[in-house]
Ligand code: B16
Ligand code: MG
């Protein structure tokens, strides 16, 4: 039986996927690197440094380690400029309700975000108190699609991976959930989510009742 639901943050609970996208695009323009939907889609759920490597695949020149650090920091400044202004109104429709319904059903709630800005966002959105366990992205060594972040969330919740259901908007996240042995629910319309066990148009369509019926 499912005993816990682990939510992704960016693109599932808040519409920050577009903010990440815009920040990377701004950097790409400065570097003269081509940037399109497919590149942006591949970056979803992938950590900051991994995303930068994806962006630089098409860069006209090589970048040193120090330069890469500066570029990643620059992107993060652009991103934080935007999320400083975030508030509860930036929750995606139905997100708070979905988390609350899981709690009401007596299941545990976890958050597994690759974002180091997740604690700031949770505060801004006013939902930090809705999670039994939040995985600190700073303590994770391997980015999604590696299962590490979801396994750490399950262990923090005290629930076996097979008893967890994960909600994700990114191909890397769905792959991580499957590798963790969890039920993978994809939200969104991206063809990249085809590997999900269940695909929903958005988090508003998430009905915990359909997963716990006996
Ligand atoms: P940061 P998630 C991920 O969050 C985003 O999907 C991804 O686009 C971003 O690069 C990553 O967080 C790192 O974020 O630069 O803020 O540390 O979808 O796992 O909640
Ligand atoms: Mg996401």
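Values in this text are rule-based calculations from the coordinates and carry no lab data. Since the structure is predicted, the reported quantities are computational estimates derived from the model, not experimental observations. Cβ sites come from the backbone with ideal geometry, for glycine too, and all protein chains shown count toward neighbours.
What the table shows:
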read-out	value
Inter-label distance for residue 18 and residue 70, nm, one decimal - labels placed 7 Å from Cα along Cα-to-Cβ	3.3
Packing-based order for 36-42, 51-57, using average beta carbon neighbours within 10 Å, highest first	51-57, 36-42
Inter-part distance where the stretch 91-140 and the stretch 150-212 are each reduced to a Cα centre, Å	14
Förster radius 41 Å - calculated FRET efficiency between residue 62 and residue 207 (Cβ-Cβ, nearest 0.05)	0.25
Antiparallel content of DSSP bridges confined to the chain, in %, to 5	5
Protection proxy ranking, peptides 187-197, 144-154, 92-102, 2-12, average beta carbon neighbours within 10 Å, highest first	2-12, 144-154, 92-102, 187-197
The stretch 1-97 - Kirkwood radius from inverse mean 1/r over Cα pairs (Å)	14.7
Rg/Rh (Cα only; Kirkwood hydrodynamic radius) as it applies to the chain	0.97
Distance between modelled label sites at residue 136 and residue 198, nm, 7 Å Cα→Cβ extension	3.3
Between 0 and 90°, nearest 10: helix 95-104 axis offset from the chain longest Cα axis	30
Computed [θ] at 222 nm, deg cm²/dmol, the chain (DSSP H ≥ 4; -39,500 (n - 2.57); rounded to nearest 500)	-12500 deg cm²/dmol
Length added when fully stretched, residue 123-residue 84, from 0.36 nm per residue minus Cα-Cα	13.0 nm
Size of the stretch 83-154 as Cα extents on the principal axes (Å, biggest first)	33, 32, 18
